[in-house]
1. Pairs, please: C-beta under 7 Å, at least 6 apart or cross-chain, first residue farther than 19 Å from Ala325 by Cβ and at pLDDT below 90 and in the range 291-313, second surrounded by 15 or more Cβ atoms within 10 Å (Cβ to Cβ) and acidic (Asp, Glu)?
2. Would you pick out the residues in the range 179-221 that are of a type in the set (D, E, K, R) and touching a residue at least 24 places away in the same chain (Cβ under 8 Å)?
3. Within the range 107-130, take every residue that is assigned to a strand (DSSP E or B) and hydrophobic (A, V, I, L, M, F, W, C) and give me the one that is farthest from Arg204 (Cα to Cα).
4. Mind listing whichever residues of the range 223-247 are among the β-branched types (Val, Ile, Thr) and modelled with pLDDT under 90?
5. Just the residues that are under 30 Å from Ala47 (Cα atoms), small (Gly, Ala, Ser) and surrounded by 10 or more Cβ atoms within 10 Å (Cβ to Cβ), please, taken from the range 196-230.
6. Report whether or not Ala70 is part of a helix (DSSP H, G or I) and within 16 Å of Gly199 (Cα to Cα).
7. Pairs under 8 Å by beta carbon, first residue assigned by TED's automatic domain parsing to the domain that holds Pro193 in the range 49-74, partner of a type in the set (Lys, Arg) and assigned to a helix (DSSP H, G or I), six or more apart or different chains?
8. How many residues, within the range 131-186, are assigned to a loop (DSSP other than H, G, I, E, B), surrounded by fewer than 12 Cβ atoms within 10 Å (Cβ to Cβ) and among the aliphatic types (A, V, I, L, M)?
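The values are calculated or read from the model by the stated rules, or taken from the named source; none is laboratory data. This structure is a prediction, so every number in the text was calculated from the model and none was measured. A quick note on method: Cβ atoms are made from the backbone with ideal geometry, for glycine too, and the neighbour counts reach across all protein chains shown.
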Amino acid sequence: MTAATLLFLPPDEAQPWRWWRVERDAVVAEGEGLPASDPEASVVAVAPADAVTLHWADLPARSPAQAVAAARIVVADAVATPASELHVAIGPEREGERAIAVVSPGRMAAWLARLAADGIDPAAVVPAPLLLPEPEEGYVRADVAGQPVVRGRTSGWADEAPLTELVTAGLAPETLPRDMVRAAAAAALVAIPLDLRQGPFARRKRRAIDWPLVRRLAMLVGLILLTTLAIDVVRIARYSFGADTLEARAETVARQGLPRGAGEGDSARMLADRLARLRGPGEGFSATAAAVFQIVQASPGSEVTALQFDPNGSMRVTLSTAGEAEANAIKAKLERAGFAVTASVFQSSGGRLTGEMTVAP
């Protein structure tokens, strides 16, 4: 981390906020109050030592959720409040051990709310004792932005005379010079020893639009559409080729039904014209005559005496019947057969009736 601001959370509201400006692994400026916003520098908040209890334990390598659950079991006997009601955070594994921080969820929420009200979203929240260098043996003491802090290899707390003497068993901590403290704090920003922003207090990541991914997805969608279009084009082409083949075959078959020398043209139309000429217009002579003779033969005492087929497809039939009932029956049957029948006036001669019926399609 080449540029950052260490913002020290005051132990109580009566004390001022303090900050250190870190650039290139060195503290280059400091001040009181809230620092001026700098879009190029991230903010790391420092929790006061008296608000955070630190422990160290050997936690097996597990998923983050399992490691936190194991840490709650470790600290359960060391705190008066049930561990389930406390915020527990763990640091990275180092030489087989991990740092465990315990803090009140209410106080953690209050810090983040106060920072958010001032427009600050810290990248991390680090306990103050972890800014001091880890001693090889014994304990070290330093003033961190007005907060006296003590740290051992597996401990860290706010420096208070009775508590410090009790924990160190009378061994006086080594007081670190100011330059060493600032160098250690700057080094801690390179690899955060423990971030309290875990679990419900984890920093929300802003989802930026991955434009290269968007372009790749757009390209894939375009390829899918082109493939679908190509499939449709191939299918249409196959249908078109199939239709052309069928038309060619129909043309060949139709040509076989035409007389020689019929000439070029639409063979289907020419074949239909020839068929119309052969059978006549309308239903044709054969179909109309067959229907008439079949109906007349089924009528006793009736006979056809003359036929005339007109160019418009109608047929004039001269009938001789035994009586008017037979003539009416023949007319009704022809109409039921699908013909339009017009009858003339039948005349009586020699005990029979004679007249004409025009049978049209």
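1. Partner pairs satisfying both residue conditions: Gly313/Glu283.
2. Arg182, Asp195, Arg197, Arg203
3. So the residue we want is Val126.
4. Hit for the range 223-247 is Thr245, nothing else.
5. Gly199, Ala202
6. yes
7. Ala51/Arg107
8. Selection size over the range 131-186: 2.
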